[in-house]
Every structure is written in C-alpha cells, then in structure tokens.
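Heads up, the thing below is written out as structure tokens.
The values are calculated or read from the model by the stated rules, or taken from the named source; none is laboratory data. Treat the numbers as computed from the prediction; the structure is a model and nothing was measured. Cβ coordinates were reconstructed from backbone atoms using ideal geometry, including for glycine residues, and neighbour counts include every protein chain displayed. Calculation scope for accessible area: heavy atoms of the full protein, side chains included, ligands and nucleic acids excluded. Shrake-Rupley method; radii C 1.70, N 1.55, O 1.52, S 1.80 Å.
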Amino acid sequence: GRRRLEQLLLNLAFHAHDRCPEEGWMRLDVTRTGARTTPGARGKDGASPAYVRVRTSDNGPLLTDAERQTLFDCGNPGEAPGLGVAYTIVREAGGMATTDQSAGHLAIDVFLPIVENVERTEGTRKL
C-alpha cells in the first residue's frame, strides 16, 4: 500500500544521500515502461506487463563488485543503510531491482508492476 511505497522511496533516498559527498547530488526519476528488463517477462495472460520504473542515481563513489553483491542486504550499524527494506518491498509487490553504473555514477532501478482497477477505500488517494 501507500505506506510501503513511502518506505521504499525513503530507503532509496536515504541510501543515495548517505553515499553522496558533501557537495553531492541525488536524482529521482519515475517513468512508465512496457516491460522490466528481464528477458521473456510475461504476465498471466502472456502479455508483457506494464511497470513503473523508479530510478535513483547519485554521484557517490562507484560500487565494487563485492559491494554490488550485498547492496540489497540490510546493512550494518554505523554504515550507510543497505537496501534490504526496499528490496523486500519490491519483491513482495512482484517487482525487481537492478543497478547500473555505465554512466559513471550509481543508478538503482526499481520496477513495480502497475495494477489496474484497484479498489480504493475511503480516505486513500490514488498515487
């Protein structure tokens, strides 16, 4: 629900913030995409599902291979928070998360399936 989405966005934002140098930057982009990057991903009806891609990027140091392997762990006290909370939320929603450093900075892509025709309860807002 909404609270889980808030937790996801906060975990991504805090992670980027803690990685950045003092004069650093963090960017958040949200786009709709026809499919996630997993080859052959299909919905129950055989069609390629629609996803929302949430991308955070920052100018903190690039990750080593070892750091990329543990990026979605919960982290240790006193260190930058891991993305274990974000990863759990994404998996529970049927999504996936990937990293990309090809542009010379770290970008984390989270793909969340778009759910159509969800009933809303009174007091909730469509995001």
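Quick one: which of T37, T64 is under 22 Å from R27 (Cα atoms) and at pLDDT 90 or above?
On the way: T37 fails: at pLDDT 90 or above.
Checking each option against the conditions leaves just T64.
Let's see how each residue does on (1) farther than 24 Å from W25 by Cβ; (2) open to solvent by 30 Å² or more (accessible area, probe 1.4 Å); (3) modelled with pLDDT under 90; (4) not in a loop (DSSP other than H, G, I, E, B):
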position	(1), (2), (3), (4)
D73	yes, yes, yes, no
N76	yes, yes, yes, no
T99	no, yes, no, yes
V110	no, no, no, yes
K126	yes, yes, yes, no
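Anything in the range 1-34 that is of a type in the set (D, E) and assigned to a helix (DSSP H, G or I)? List them, or say none. So that I can check it myself, show each step before the final result.
Taking the range 1-34 and keeping what is of a type in the set (D, E), we get 6, 18, 22-23, 29.
E6, D18 - these are the residues of the range 1-34 that are of a type in the set (D, E) and assigned to a helix (DSSP H, G or I).
Here is a list: R120, R55. Which entry is closer than 22 Å to Q7 by Cα, outside any loop (DSSP other than H, G, I, E, B) and either at pLDDT below 85 or open to solvent by 40 Å² or more (accessible area, probe 1.4 Å) (or both)?
R55
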